[in-house]
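Just below is one structure, and these are the notes that go with it.
The values are calculated or read from the model by the stated rules, or taken from the named source; none is laboratory data. Worth saying up front: this structure is predicted, and the values here are computed from it rather than measured. Neighbour counts run over all protein chains shown; Cβ positions are idealised from the backbone, glycine included.
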């Protein structure tokens, strides 16, 4: 069952990111991020990484497809599927499945380009831009691991 969180300012978004980081740090998660350009997909990822104590600079993987951050509490992998065409997506789907196992956190921006070939056990986050500082986050979980992770959010 999806649930929505309204963040009225950056402080609210920081608090949500911190809660999310705490919810995923024990078991990891596979997270699909949806939202228009500028909605805040990379910004949310950066904030979660901050609370997972990632030391590397967190940047958008738009031109490199994947960024890896291994200095934090758990490894974080950050994919961007926007620039991949149909053939490109098919070449990394098996790889993406590997990034859904174990105690790691994987973010996939523009997951709608995956042609619905992503792991079943996942969290989907739709980020809606409302205004310069306000965002709506809609969380949906698929699978037992992801359901339990969202329960730990305590929202």
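When the test is whether a residue is at pLDDT 95 or above and surrounded by 14 or more Cβ atoms within 10 Å (Cβ to Cβ), residue 92 does not pass it.
One residue is enough: does the range 109-121 have a residue meeting the conditions touching a helix residue (DSSP H, G or I) at 6+ places or on another chain (Cβ under 6 Å) and part of a strand (DSSP E or B)? Yes, that holds for at least one residue.
Residue 119 meets all of the listed conditions (1) modelled with pLDDT of 75 or more; (2) in contact with a strand residue (DSSP E or B) (Cβ under 7 Å, 6 or more places away or on another chain) but one, namely (1). Provide a single number: the residues in the range 5-33 that are part of a strand (DSSP E or B) and either touching a helix residue (DSSP H, G or I) at 6+ places or on another chain (Cβ under 6 Å) or surrounded by fewer than 21 Cβ atoms within 10 Å (Cβ to Cβ) (or both). The total comes to 6.
Can you tell me how many residues in the range 63-86 are free of Cβ contacts under 8 Å to residues at least 40 places away in the same chain, surrounded by fewer than 18 Cβ atoms within 10 Å (Cβ to Cβ) and part of a loop (DSSP other than H, G, I, E, B)? Result for the range 63-86: 9. In the range 124-142, which residue that is surrounded by 14 or more Cβ atoms within 10 Å (Cβ to Cβ), over 15 Å from residue 41 (Cβ atoms) and in contact (Cβ under 8 Å) with a residue 24 or more places away in the chain is nearest to the chain's Cα centre (by Cα)? Ranking the candidates gives 140 first.
Test residue 56 against the criterion of being at pLDDT 90 or above, touching a strand residue (DSSP E or B) at 6+ places or on another chain (Cβ under 9 Å) and not in a helix (DSSP H, G or I), and give yes or no. Criteria met by residue 56. Does the range 61-74 contain at least one residue that is more than 20 Å from residue 109 (Cβ to Cβ) and out of contact with any helix residue (DSSP H, G or I) (no Cβ under 6 Å at 6 or more places or on another chain)? Yes, the conditions are met somewhere in the range 61-74. Checking each residue in the range 34-49 for being crowded, with 18+ Cβ neighbours inside 10 Å, within 18 Å of residue 134 (Cβ to Cβ) and in contact with a strand residue (DSSP E or B) (Cβ under 8 Å, 6 or more places away or on another chain) picks out 34, 35, 39, 40, 41, 42, 44.
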